[in-house]
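The values are calculated or read from the model by the stated rules, or taken from the named source; none is laboratory data. Please read these numbers as outputs of a predicted model, since none were measured by experiment. Note that we place each Cβ from the backbone using ideal geometry, even for glycine, and neighbour counts take in every protein chain shown.
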Amino acid sequence: MTNDEAASVPTRTVLDVGVGGMTCASCVARVERALRKVPGVQEVAVNLATESAHITYALPAEAAADSAADMAQRLQRAVRNAGYEPRLHSAMAPAQAEPGPWAGFAPVALGLALSAPLVLPMLGDALGQHWMLPPWLQWLLATPVQFYLGARFYQAGWHAARALTGNMDLLVALGTSAGYGLSLWLWWSAPAGHTPHLYFEASAVVITLVLLGKWLEARAKRQTTAAIRALHALRPDSAHLLTRDGEVDVPLHEIMVGDRLVVRPGERIALDGLLLEGSTHVDESMLTGEPLPVLREPGSQLTGGAINGEGRIVIQVQAVGAQTLLARIIRLVEDAQAAKAPIQRLVDQVAAVFVPVVLLVALLTLLGWLWAGAGTEVALMRAVAVLVIACPCALGLATPAAIMAGTGVAAQHGILIKDAQALELAHRVDTVAFDKTGTLTLGQPQLTAWVPAPGVDEALALADLASVQSGSEHPLARAVVQAAQARALPCPAAQQVRAVPGRGTEGEVQGRRYSVGSLRWMQELGVVLGPLAAQAKQLQQQGATLSALAQWQPASSHPTSPTPAQDAGRWVLQGLLAFADAPKPGAAQALAQLRARGLRCVMVSGDHRAAAEAMALRLGLQPQAGEVLADVLPGDKALAVRQLQQGAQPGQRHTVAMVGDGVNDAPALAAADVGMAMGNGTDVAMHAAGITLMRGEPQLVAAALDISRRTVRKIRQNLFWAFIYNVAGIPLAALGYLNPMVAGAAMALSSVSVMANALLLKRWQPPR
């Protein structure tokens, strides 16, 4: 690719824009249509509960930097032109102060005060008392409610009508205006001295009840976003910067990578860093869900947001701003709460035609009652009731409210759900595949046996082996280095060290060329185990993971080489290495818990079958039942996942969750229906997975599946009740069983009930 071609490749960018003024599912559809019309926009997901739009757009690479600000302005302009209020949204924005429980109640209180005198005569009639107010006083009380408190409905309804769409505001504006207008007509056309029955109370009470419902809804929304606010609160405003002149308090945004910070006892650690001085116990419960403090000593990694338990410590900053773990966690939770679940597509399709259908039903109701001879007043009130009760507020809140509550409570317990699709799919999982090392086991294998070949200097070979492995981060390599250090063996520097993916490492030490890796690789190199074959078999039967060390011997060292192929030299066995790992605490219990729920558990390992099966038996798995996949190369783990998805019977498909922690697990995590990454693993794995388990404990797998099941159940319950409200309410209103005030109360109750049902998820606790 040429430089010009590379410059023309579009750059995908994600931007979040806050959208104020949305009231129902129809508003969501309208904003999405407006944003999709902006050139360059590829994907749009608007969330009613979070009042935000998650936008993915692409610009030419050469214009990306210059046009990013212009694109943000164009997107905000599109939102405004659609009739809504745009707001910039950022995960790193400072957390806003928690509003009080009565915030925003003033308009509702005013509406209640003005509407109460209009409703009292209805109570008087029931008691046989005539408390009817004069028409002028009814008008005086109803007018401020209709045009001052109800102005928001007229404004939003006008924007919707001008765009040839409909929303809740348009229905409320039309319905209450019809009642208010009818009351004026009856008052002005009444004979002198006659007081007709007016409907000012209906229009005023409907507006007041809708405002009350929106206030209760907003209050419930604040509870669903409590997890985000709690995460924001973990970030202190300032930090103690250590300078040559001592400690200086500076704002957090001025801290740079490499700075040294002082953290006093009881303070929050400001940013991610490396512990330089002191030791302490750190409370990471808000990040990982782990209630017990963990010991941190010099050289340990510290996470911003954690609480320093005791002692003064000094840390070196390693990440700032959006690069910190806390910022990434906030980003993950916000993305999950802003995303749309696949089930939301049905809601969007219904919302697109809902309001026009309701307007048609209201018109038919009006004409039907007029045709039946009911009179203009009755017919109009029936049509108004249809308009009011049909508002699709609950329909738009059903899914996002449950997702916000579910992902929020999951984050509090150390389960980060990155996208709504993973959340919705997780409850259908019937097969869970686990990587072995680092996922089911501690990932800290120890060198349990070093068996040199006959005639090999045990100490020299082990020292050279440690030299070759010293630059590797592989757990087995670290175990070799630790074993050499324990014997105080001198380890000279290695040259030309090269990792062979899925096989091992090769390098040179003082002119001696070595290869160390799996027995499978040794077989490919033509290495013969010879007298160590029997011992290798015995170690494998005991469950050990075996590797071998081979040295290259040129032809000069074996002049009697029988074949021309060996003229250049050959690999000669130097010794066997046996490693053993231990299961993670609670891993066997976690697997038993999943199997008790009817799930199939499978361990995927690159180890030799005997070693993998020995570990599987310690974990309670059944190798004879196909619950162990051994000798799987890192590149083949994704293929193994696909094979598990296919099933044994034609047409049968299993929903597979893959749990892993390493870079080599990333393809398998992406191939699985649901990928779960251990939080103690690599960033690559967490990026590929839809769910991250912050504590790295297998027990959280069952918890993640459980919160998914409960959240999806809440979504279905909410959608059911939202549809029932409208499907049952519209016919009742059309037939005259509901007056406009009752319809307004029912409409407000529908939104509140959906939010309240979703908030029940906040009581969720991981299964024990």
Complete set of residues in the range 725-768 that are free of Cβ contacts under 8 Å to residues at least 60 places away in the same chain and of a type in the set (Phe, Trp, Tyr): 737
Under the condition of being of a type outside the set (Ser, Thr, Tyr) and touching a Lys or Arg at 6+ places or on another chain (Cβ under 7 Å), which residue from the range 433-458 is surrounded by the fewest Cβ atoms within 10 Å (Cβ to Cβ)? 442
Taking the range 579-603 only, how many residues are at pLDDT 90 or above and either in a strand (DSSP E or B) or of a type in the set (Phe, Trp, Tyr) (or both)? 4
Any residue at all in the range 512-521 that's in contact with a helix residue (DSSP H, G or I) (Cβ under 9 Å, 6 or more places away or on another chain), buried (at least 16 other Cβ atoms within 10 Å of the Cβ) and over 15 Å from residue 576 (Cα atoms)? yes
Would you be able to say whether some residue in the range 620-633 is of a type outside the set (Phe, Trp, Tyr) and in contact with a Pro (Cβ under 9 Å, 6 or more places away or on another chain)? yes
Anything in the range 8-37 that is crowded, with 16+ Cβ neighbours inside 10 Å, assigned to a loop (DSSP other than H, G, I, E, B) and among the aliphatic types (A, V, I, L, M)? List them, or say none. 22
Residue count, the range 430-447, condition closer than 19 Å to residue 619 by Cβ and either at pLDDT below 90 or over 36 Å from the mean Cα position of the chain (by Cα) (or both), comes to 12
One residue is enough: does the range 216-239 have a residue meeting the conditions assigned to a strand (DSSP E or B), at pLDDT 70 or above and under 36 Å from the mean Cα position of the chain (by Cα)? yes
Residue identified as closer than 30 Å to residue 701 by Cβ and either in a helix (DSSP H, G or I) or in the same structural domain as residue 641 (by TED's automatic domain parsing) (or both) among 463, 405, 394, 459: 405
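This table checks each residue for (1) within 27 Å of residue 631 (Cα to Cα); (2) small (Gly, Ala, Ser); (3) outside the structural domain of residue 572 (by TED's automatic domain parsing).
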{"position": "455", "(1), (2), (3)": "no, yes, no"}
{"position": "468", "(1), (2), (3)": "yes, no, no"}
{"position": "472", "(1), (2), (3)": "yes, yes, no"}
{"position": "490", "(1), (2), (3)": "no, no, no"}
{"position": "505", "(1), (2), (3)": "yes, no, no"}
{"position": "525", "(1), (2), (3)": "yes, no, no"}
{"position": "533", "(1), (2), (3)": "yes, yes, no"}
Subset of the range 667-680 that is closer than 26 Å to residue 284 by Cα and surrounded by fewer than 24 Cβ atoms within 10 Å (Cβ to Cβ) - its residue that is modelled with the lowest pLDDT: 680
Here are some conditions: (1) surrounded by 18 or more Cβ atoms within 10 Å (Cβ to Cβ); (2) in a helix (DSSP H, G or I); (3) aliphatic (A, V, I, L, M); (4) out of contact with any Pro (no Cβ under 9 Å at 6 or more places or on another chain). Residue 738 meets all but one. Which one does it not meet? (2)
From the set of residues in the range 303-325 that are within 20 Å of residue 693 (Cβ to Cβ) and surrounded by fewer than 22 Cβ atoms within 10 Å (Cβ to Cβ), which is modelled with the lowest pLDDT? 325
